[in-house]
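These notes concern the structure reproduced below.
The values are calculated or read from the model by the stated rules, or taken from the named source; none is laboratory data. What you see is a predicted model; the values in this text were computed from it and never measured. When we count neighbours, we look across all protein chains shown, and the Cβ atoms used for this are built from the backbone with ideal geometry, even at glycine. The protein model used for the area step is the full one, side chains on, heavy atoms only, and it has no ligands, DNA or RNA in it. Shrake-Rupley method; radii C 1.70, N 1.55, O 1.52, S 1.80 Å.
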Amino acid sequence: MKPKIRVIVVDDSALVRSLLAEIINRQGDMECIGTANDPLIAREMIREQNPDVITLDVEMPRMDGIDFLGRLMRLRPMPVVMISTLTERGAEVTMKALELGAVDFVAKPRVGLSSGLNELATQIVEKIRVAAAAHVRRMPVRAATTAAHPDGTAQAAPAPASAATLLGRVSTEKVICIGASTGGTEAIREVLVHLPADSPAIVITQHMPPGFTTSFAARLNSLCQITVKEAVNGERILPGHAYIAPGGKQFHIARSGANYVAVVDDGPPVNRHKPSVEVLFKSAATVLGRNAYAIMLTGMGADGAAAMREMKDAGSYNYVQDEASCIVFGMPREAIAHGAADEVLPLTQIAPALIARLRGATDRLHHRI
């Protein structure tokens, strides 16, 4: 019999600690081995109990959850699920937590905390199970990714060398399609920061609830040479832009005359997800055909794997993240099993490989002219 997943709950609210402990202890495969109302108490508890997973409140007294998470992931990396508030500030802090190495997050309700958390119980325990199996790495101390402009606004740091590559006319025909789930926010960042300003258009589905994708897009936009934004229904899909599926909506591509356009609607969940990678990739297979590149990044489950194979059959060229660099090797594994991968690569090699292929297409185009 497999040992139970041992969880420590860190939250300054006695009610939240009690509710989360109760939700965890109702499961046959996990147990709450302790609760702490601030990170300093949690630090001693972690040292003594060595839990498999921590749930961590974002905002707490004495030391906030982000400071604590940063120290934890540098000194003693372990799977962490953040418990976030669904506010603009909460969303920004949650993005920071994922950057620091948190595996995932749950947005706690602003009203009706007791009933709301119980409604989220299935999601909470699923994310704890995923976190327990995740590949968590020690976080390097990363140089600042933004710099201050003289007018006080944040500016993207100098682009990586690969982002200086010019792709020219080929970028107007092609579209890059990216799917990701658990661990995907940082994996997507790693790909996008290396793409040049004249990159082909990029369309992205990252599993994320409503209220968080705006902050996610804004953060990426501050780091990248391309423009990154949430997709808006009916807008043209343009080169040099990345469009992120809004949380809680479905997102796909359609053709309008000579243009590609974004379709954002309130369609039903697919593979239990909204947004769903399957929905985006299926539309790409139909609308883009040979003009598509697909990238499947880290994530739990199989969402998008079958549609990625449809894209390949329609002529796309597909990259899949390898197991060693994934936080969770679920969606990539399923994509490989479906025969959808042209190349399986470590995360850091995906953008360079894609740029090299796009440059090859540019060179061939120039030779024909």
Original post:
Taking a point 7 angstrom from the Cα of Arg129 along the C-beta vector, which residues in region 13-57 have backbone N less than 15 Å away?
Top reply: 24-31
**OP:** Determine how large the accessible area of Asp313 is when every protein chain is in place; take a 1.4 Å probe and give Å² rounded to the nearest 10.
**Re:** 110
Subject >> trypsin sites (Lys or Arg not before Pro) within region 267-325, DSSP loop, no more than 11 other Cβ atoms inside 10 Å >> reply: Arg272
Subject >> Percent carbon-and-sulfur accessible area, the chain, ignoring ligands, DNA and RNA, probe 1.4 Å >> reply: 52
Original post:
How much solvent-accessible surface does Ser316 expose, in Å² to the nearest 10, with a 1.4 Å probe and all protein chains in place?
Top reply: 10
Original post:
What is the spread of the Cα atoms of region 34-76 along each of their three principal axes, largest first, in whole Å?
Top reply: 23, 22, 15
**OP:** Give, in whole angstrom and from largest to smallest, the semi-axes √(5λ) of the equivalent ellipsoid of the chain, with λ running over the eigenvalues of the Cα gyration tensor.
**Re:** 37, 22, 19
Original post:
Remind me, relative contact order of the chain in percent, using alpha carbon pairs under 8 angstrom and six or more residues apart?
Top reply: 12
Subject >> Estimated inter-spin distance, Arg71 and Glu173, nm [label 7 Å along Cα→Cβ] >> reply: 5.6
Subject >> Where Arg255, Arg357 fall by accessible area, highest first, once all protein chains stay in place (1.4 Å) >> reply: Arg255, Arg357
Subject >> Cα-projected label distance for Arg89 with Arg47, points at 7 Å along beta-carbon direction, nm >> reply: 3.1
**OP:** Could you tally up the Lys pairs in the chain with alpha carbons closer than 23 Å? Skip any pair fewer than 8 positions apart unless they're on separate chains.
**Re:** 21
Original post:
Can you give the convex hull volume per residue for the Cα atoms of region 77-133, as a whole number of Å³?
Top reply: 64
Subject >> Alpha carbon convex hull of region 41-121, projected area averaged over orientations, nm² >> reply: 5.6
Original post:
Using a 1.4 Å probe, how large is the accessible area of Thr348, given in Å² and rounded to the nearest 10?
Top reply: 90
Original post:
Under the definition of Cα pairs under 8 Å and six or more residues apart, what whole-number percent is the relative contact order of region 1-143?
Top reply: 23
Subject >> Equivalent ellipsoid semi-axes, region 251-360, via Cα gyration tensor eigenvalues times 5, rooted, Å >> reply: 22, 19, 11
Original post:
Residue separation times 0.36 nm, minus the C-alpha to C-alpha distance between Glu343 and Leu113: what's the value?
Top reply: 78.2 nm
**OP:** Find the accessible area per residue for the chain; the probe is 1.4 Å, ligands and nucleic acids are left out, and the unit is Å².
**Re:** 42
**OP:** Can you tell me the alpha carbon radius of gyration of region 169-260 divided by the globular rule-of-thumb value 2.2 N^0.38 Å?
**Re:** 1.01
Original post:
Between rounded, prolate and oblate, where does region 4-45 land on the alpha carbon gyration tensor, with a ≥ b ≥ c its root eigenvalues, rounded for a/c under 1.5, else prolate if a/b exceeds b/c?
Top reply: oblate
